[in-house]
Amino acid sequence: MEIERKFLITKIPFELDDYVCRKIEQAYLCTEPVVRVRRDNDDFYLTYKSKGLMVREEYNLPLTEEAYSHLLAKHDGIIITKKRYEIPERDGLTIELDVFEGEYDGLILAEVEFSSEEQAIAYTPPEWFGEDVSSSPEYHNSTLSCGISK
């Protein structure tokens, strides 16, 4: 189960150099239901996500690099590329700050994952977070892969 809130970021008020950064490339084989392949640094996954906005089912299956490359060739739409920074947040949470590249260069989204829907609803984001887009399918990566502009 994935329970997350997502926020638009217009300005990052600190340097990112001190945080863990992962390079992510992902592409979608299908957007309904969501089936994607992802390269996360040197790890590869096939992911299924159910319908939903803040709460939805998510299953990740490991792939070999060869299987990833084979499936990547079958993708539809735009390949999403981004750098994901892991920023520690209060209460043991982590902010996953996605700085998009390529087609969506300039788009920055922050995601925070929670252990319960109640925790997600009670969360007060930091002041530097912008609009809460958790309920907007427009900012799902699967939607972005279809070419919906930022």
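Coordinate-derived values only; no laboratory data. These numbers were taken from a predicted model, which means no experiment stands behind them. Positions of Cβ are backbone-derived with ideal geometry, glycine not excepted, and every protein chain shown enters the neighbour counts.
Couple of notes before you dig in:
- Were the residues from Glu86 through Tyr45 laid out at 0.36 nm apart, the gain over their Cα-Cα distance would be 12.8 nm.
- For segment 89-138, the C-alpha radius of gyration sits at 1.25 times the compact-globule guess of 2.2 N^0.38 Å, with N the residue count.
- Fluctuation leader among Val99, Val20, Val37 - the chain, Gaussian network, Cα springs under 10 angstrom: Val20
- Annotation note: GluC sites (Glu not before Pro) in segment 20-64 located in DSSP loop regions with a Cβ neighbour count of at most 13 within 10 Å are Glu57.
- Within segment 1-85, trypsin sites (Lys or Arg not before Pro) in DSSP loop having at most 14 other beta-carbon neighbours inside 10 Å: Lys11, Lys51, Lys74
- Dipole magnitude for the chain: about 420 debye, using +1 per Lys or Arg Cβ and -1 per Asp or Glu Cβ, origin at the Cα centre.
- Relative contact order of segment 8-150, pairs being alpha-carbon contacts under 8 Å that are 6 or more residues apart, as %: 26
- Cα-based Lys pair tally, the chain, threshold under 27 Å, eight or more apart or on separate chains: 29
- Checking (i) 62; (ii) 39; (iii) 50 against the coordinates, the calculated percent of Cα pairs over 22 Å apart falls under label (ii).
- Integer Hz, Karplus 6.51/-1.76/1.60 couplings in order for segment 95-110, x for Gly and Pro: 8, 9, 9, 9, 9, 6, 10, x, 3, 10, 3, x, 7, 10, 10, 10
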